[in-house]
Amino acid sequence: MVGLIYFVIFFVSAIFELRNSYANSFVLFTVSAVFLKGVVTKKKGYYLAGSILGSVFGVLMILSAVASYADTFLGGEFANVSYGVVGISTLPYLLIMRKRLSA
């Protein structure tokens, strides 16, 4: 069930991201495909891999947004926020899985 929810979140985000960046949208489609593969095969390893990919991409998009806003304050153009920040939503699941694996 968790994998299906994350698949929908990342797939919808990827569709919305197509307007801003094809590269970011490709990453979001890839993460959603990893979660879908986990749903189809019923293996939790895909959820863990998707959570890692999503979290890392979310952190990268937050850092990119901070840098873009810093550029805006220094006289650049207004920056768009990427939908890739939804990757941070996988962090709680990643921490739960880490606790289960270490026990």
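Values in this text are rule-based calculations from the coordinates and carry no lab data. These figures come from a predicted structure and were not determined experimentally. As a convention, Cβ positions derive from the backbone with ideal geometry for all residues, glycine included, and neighbour counts pool all protein chains shown.
Gly75 fails exactly one of the following numbered conditions: (1) in a helix (DSSP H, G or I); (2) out of contact with any Asp or Glu (no Cβ under 8 Å at 6 or more places or on another chain); (3) farther than 28 Å from Arg98 by Cβ; (4) among the small types (Gly, Ala, Ser). What is the number of that condition?
The failed condition is (1).
Out of all the residues in the stretch 89-98, which are within 17 Å of Leu4 (Cα to Cα) and hydrophobic (A, V, I, L, M, F, W, C)?
Passing the criteria: Leu91, Leu94, Met97.
Could you list all residues from the stretch 27-53 that are under 11 Å from the mean Cα position of the chain (by Cα) and over 18 Å from Val8 (Cβ atoms)?
Correct list: Ile52 only.
Six or more apart or on different chains, Cβ atoms under 6 Å: show the pairs whose first residue is in the stretch 80-91 and surrounded by fewer than 24 Cβ atoms within 10 Å (Cβ to Cβ) and whose second is of a type outside the set (Gly, Ala, Ser) and not in a helix (DSSP H, G or I).
Pairs that qualify, where the first residue is surrounded by fewer than 24 Cβ atoms within 10 Å (Cβ to Cβ) and the partner is of a type outside the set (Gly, Ala, Ser) and not in a helix (DSSP H, G or I), are Asn80/Asn20.
Note down all Cβ pairs under 8 Å where the first residue falls in the stretch 13-25 and is touching a residue at least 60 places away in the same chain (Cβ under 8 Å) and under 10 Å from Tyr83 (Cα atoms), the second is of a type in the set (Val, Ile, Thr) and surrounded by 14 or more Cβ atoms within 10 Å (Cβ to Cβ), and they're at least six residues apart or on different chains.
Hits for this filter: Ser13/Val86.
Taking the options Gly45, Gly54, name whichever one is farther than 19 Å from Ile88 by Cβ and out of contact with any strand residue (DSSP E or B) (no Cβ under 8 Å at 6 or more places or on another chain).
Gly45
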